[in-house]
Amino acid sequence: MIDRWFKRWRATGPSLPPVTTATSPDPHVVPPASPPQPLRSLEAHDGLIWVDSAGKLQIRNPRGRHGHYPVVVVPDWDWLRVSVNGSRVVGEHVLEENTRVHVRLLVQAPQSRLTITVSPDGMEAVLNVAYVVGERRTLVPSTPSPRLTLEPRRIVVEPPPVTLAQVHTDLARAGITAGIVDAATIEAFLARHESGALVVARGVAPQPGGGTLESFRPEGLEGPWRVVTGETIGRRRPAPARAGQTVRGEALPAPMIQPGHEVRLGPGVTVMTHGTHLVATRPGVVIFDAHVVDVVAQHEMAAIGAASDVLAVDGDLVVRGTIQGRTVVVSGNLTVHGDLRNAEVVVGGGITVAGTTAESRVTVGLERYVRDGIRHHTTRVVDGLYDLELTVDELRSLGPRLGEVLARVVADKFTDVLESLAWLQTASRWPGLRWTGPLVDLAAEIQHHLMAGEELDHVLGHLWSLRTELEMCDPVVDAVPMGRIPHATGFSTVENSSIDATGTLTVDSARSSRLAAASVIATRAVVGGFVSATERVQCETLGVVEGTETSIEIASADGVVEADSAYPGVLVVIGGLRHTLRTPHRPLHLTYATLKGGDHV
C-alpha cells in the first residue's frame, strides 16, 4: 500500500532535489538556466522536396517548430529555367508548399527539311532531305529529402519521315513536271530515313543534227585525188535534229549540227541536189575529212625571181627552185625545194624549205599576219594625216598656191602613208581571207583625195572626216575555211632570218636568227639570235665556244630547255626567271624549278 502511494506522489508531487554521488566534486549542483533542447527526428519534422514519377516538383513543409524548410539546388544551365514566384533562381533556394515554382526545360524540336534545287540550265532537279534529331528533358524522379539538386534526363526525339506525297507537292510547287524519276526510286531513298540528296528529275538534252559524209574517191587510187570543175566528189546524208526539254517542261531547240563537228565546205566545193551532193567548183586536189571538204588548187613553179609586187597564190604552191627577192602570199601550203633568199613569205598552211633560208622573213598564219598588218598600216595612215593637218596650218599663208605646194609635200614627205594605203588595198585581194567593214573603201577614198594634186586643198575637210572614220573603224578579217593537206613546218639551214610559226617549228640549224613557235626543235645547232617558245626548245648544240650572244625564252613556267651541249653566254628565260650560263653544260636540262632553286649553277 505504501508503494502505491509513493508512485502517485512521485507522479503528481514536486520534483525531488538532484541526487549526487560520492564521485561528484560538488554535491550541490545548480539547475540549468534554460530547459534542454528537445530531441529532433528528421523524418518526423523537416520539410521535404522531391520529384515524382511524372517529373513534377513536390514540396512538403516541416512539421513542428523546429523542422527545416526544404532547399532546392538549381544548376546554372542554359536549357534549364526555374522561377520562384515569377523570378528566376540559380543555386540554392528555400521553398515552401505555397511557393509558386515553375520549372521549364528547353525543348529542341526535331526537323525534317525538304528542298528542291534546279540546276541553272534547268536540266536537273535534286531532292535534298535533311533530318535533325530533336531532344527534350525531364527531371529525374527522386525520393523525398530536405535538399534536392535538380537532375535532368535527356530524351531523344526522332524526326518524322519525309513522305512521297510531300516530295510530289514540292516538285509541283517548283514547277517540275518533266523527267521525274519513278516513285519506287524516291520511296527507296526516303525509306533510309537519312539525310542526303537524290536527282529526282532529269531533262532531255537536245540532239543536234548530223549525218554522214560519203566520199566518191576512186577505189585503189594512190596519191592525190585530182578532180576537174563540176565533178561530184561525195554525198552528204543529213540526220534530223531533236529538240530537248528542261525539267520544267520548257522546250530546247536543237542546233542543226553538233558544235565542233560542223563540216566546213571550202571555196573549192559547193552543194547540189538539195544539199546532198558535194561538187568541185575548181580543178585541184580533193581534201575530204570529218571537218573540211575542199578542192585545193595546186600550183607548181620552177622558181620565183625578184619583183616589187606581191605574188598571191590561192591553194598550195610547189617551187622547184629558189624564191629570191619577192613577197609571196600562199593561202595553202608552200614547198620550196631550193633556197629562200631575201624574201618575205606568208602561208596559211605549212611550209618546208629544203635549202638555205637567208635574209628572209617567214610567217605561218595568213590571217594573223594580215590582222597585225592592218593595225600597223591604219595607225601609220591616221598619224600621217594628223601630221598633214599640222603642215596645212603652217602653209595657209601661201594662199592660192596652197594646193600646188601640198601636192608636192604629199608626194615627197608622206610616201609612208601612200605605201600603207596601197598595202591595205592589196591585202584585201589576197586569197583565203574574208574582209568585212568599210576599211578597204575608206583606204581607197583617202588615197584618191591625197592624189588629187593641186585640188587637194579643196577636199581637206572631207579628208579629215575620213581620217576620223578610219580611226574609229573596227575591221574584221577571217580566214576562209579551206581544206589543206597536212603539212609540217620545217627548214634546213636558217641564217639571219625571222620565222614566226605556230605549233612545232623544226630546223636543222639556225644562226643569228629569230625563231618563234609553240615548240622549237633544232636537230643541230642554234647559234646566236633569239628563240621564243611557249612550251619547249630542244637542240643538239646551244651557243658556241666564242660566246656568240644567244637568247632562249620560254613563256610558260611549265616550259623546258634541253640541249646535248650548251656553251657559256647563253641567256635562258623560263616563266620570267632569267639566267645566263657561266659554264659549259653537257647535257642541259632547265626548267622553272631548276632556275628558281639554283640547281643549274
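The values are calculated or read from the model by the stated rules, or taken from the named source; none is laboratory data. Given the structure is predicted, the values throughout are model-derived calculations rather than measurements. Note that each Cβ is placed from the backbone with ideal geometry, even for glycine, and that neighbours are counted across all protein chains shown.
Which condition from (1) surrounded by 15 or more Cβ atoms within 10 Å (Cβ to Cβ); (2) more than 36 Å from the chain's Cα centre (by Cα) is the one that Ala563 breaks?
Tallying (1) surrounded by 15 or more Cβ atoms within 10 Å (Cβ to Cβ); (2) more than 36 Å from the chain's Cα centre (by Cα), Ala563 fails exactly one: (2).
Of Gly576, Gly569, which residue is without any contact (Cβ under 8 Å) to a residue 24 or more places away in the chain and out of contact with any helix residue (DSSP H, G or I) (no Cβ under 7 Å at 6 or more places or on another chain)?
Working: Gly569 fails: without any contact (Cβ under 8 Å) to a residue 24 or more places away in the chain.
Just one listed residue meets the conditions, Gly576.
Given the criteria touching a residue at least 40 places away in the same chain (Cβ under 8 Å) and within 44 Å of the chain's Cα centre (by Cα), does Val329 qualify?
Yes: the conditions hold for Val329.
Within the range 57-93, track down each residue that is under 12 Å from Val103 (Cβ atoms), of a type in the set (Lys, Arg) and in contact (Cβ under 8 Å) with a residue 12 or more places away in the chain.
Of everything in the range 57-93, just one residue is under 12 Å from Val103 (Cβ atoms), of a type in the set (Lys, Arg) and in contact (Cβ under 8 Å) with a residue 12 or more places away in the chain, namely Arg81.
In the range 198-238, which residues are over 13 Å from Val295 (Cα atoms) and outside any strand (DSSP E or B)?
Listed by number, the residues that qualify are Gly203, Ala205, Pro206, Pro208, Gly209, Phe216, Pro218, Glu219, Gly220, Leu221, Glu222, Gly223.
Residue under question is Asp383, and the condition is that it be of a type in the set (Asp, Glu) and under 39 Å from the mean Cα position of the chain (by Cα); does it hold?
So Asp383 fails the test.
Among (1) of a type outside the set (Lys, Arg); (2) surrounded by fewer than 17 Cβ atoms within 10 Å (Cβ to Cβ); (3) in a strand (DSSP E or B), there is one condition Val572 misses while meeting the rest; what is its number?
It is condition (2) that Val572 fails.
Please go through the range 166-197 and pick out each residue that is exposed (fewer than 15 other Cβ atoms within 10 Å of the Cβ), among the hydrophobic types (A, V, I, L, M, F, W, C) and assigned to a strand (DSSP E or B).
Ala197
Please report, ordered by residue number, the strands (runs of 3 or more DSSP E) entirely within the range 62-125 with at least 2 residues that are farther than 20 Å from Arg153 by Cα.
On the way: elements: 71-74, 80-84, 91-94, 101-105, 111-118.
The strands (runs of 3 or more DSSP E) meeting that bar are 91-94, 111-118.
Quick one: in the range 78-129, which of the residues that are among the β-branched types (Val, Ile, Thr) and in contact with a helix residue (DSSP H, G or I) (Cβ under 8 Å, 6 or more places away or on another chain) is surrounded by the most Cβ atoms within 10 Å (Cβ to Cβ)? Outline the logic, then answer.
Going residue by residue through the range 78-129, those that are among the β-branched types (Val, Ile, Thr) are 82, 84, 89-90, 94, 99, 101, 103, 107, 115-118, 126, 129.
From the residues that got through so far, the ones that are in contact with a helix residue (DSSP H, G or I) (Cβ under 8 Å, 6 or more places away or on another chain) too are 115-116, 129.
Values: Thr115: 12, Ile116: 19, Val129: 21.
Only one residue fits best here, namely Val129.
If we scan the range 513-522, do we find a residue that is at pLDDT 90 or above and over 23 Å from Val347 (Cβ atoms)?
Scanning the range 513-522 turns up no residue that is at pLDDT 90 or above and over 23 Å from Val347 (Cβ atoms).
How many residues are under 43 Å from the mean Cα position of the chain (by Cα) and either surrounded by fewer than 18 Cβ atoms within 10 Å (Cβ to Cβ) or not in a loop (DSSP other than H, G, I, E, B) (or both) if we restrict to the range 332-361?
Count: 11.
Here's a check for you: in the range 362-371, which residue that is aliphatic (A, V, I, L, M) and in a strand (DSSP E or B) is modelled with the highest pLDDT? Show your work before the answer.
So the first thing to find is which residues in the range 362-371 are aliphatic (A, V, I, L, M), and the list is 362, 364, 366, 370.
After this cut, where a residue has to be in a strand (DSSP E or B) as well, the list is 362, 364.
Values: Val362: 95, Val364: 92.
So the residue we want is Val362.
Could you list all residues from the range 472-497 that are modelled with pLDDT of 85 or more, outside any loop (DSSP other than H, G, I, E, B) and not hydrophobic (A, V, I, L, M, F, W, C)? Break it down into steps so the answer makes sense when it comes.
From the range 472-497, those modelled with pLDDT of 85 or more are 472, 489-497; that's our starting set.
This time we only want the ones that are outside any loop (DSSP other than H, G, I, E, B), so: 472, 490-495.
Listed by number, the residues that qualify are Gly490, Ser492, Thr493, Glu495.
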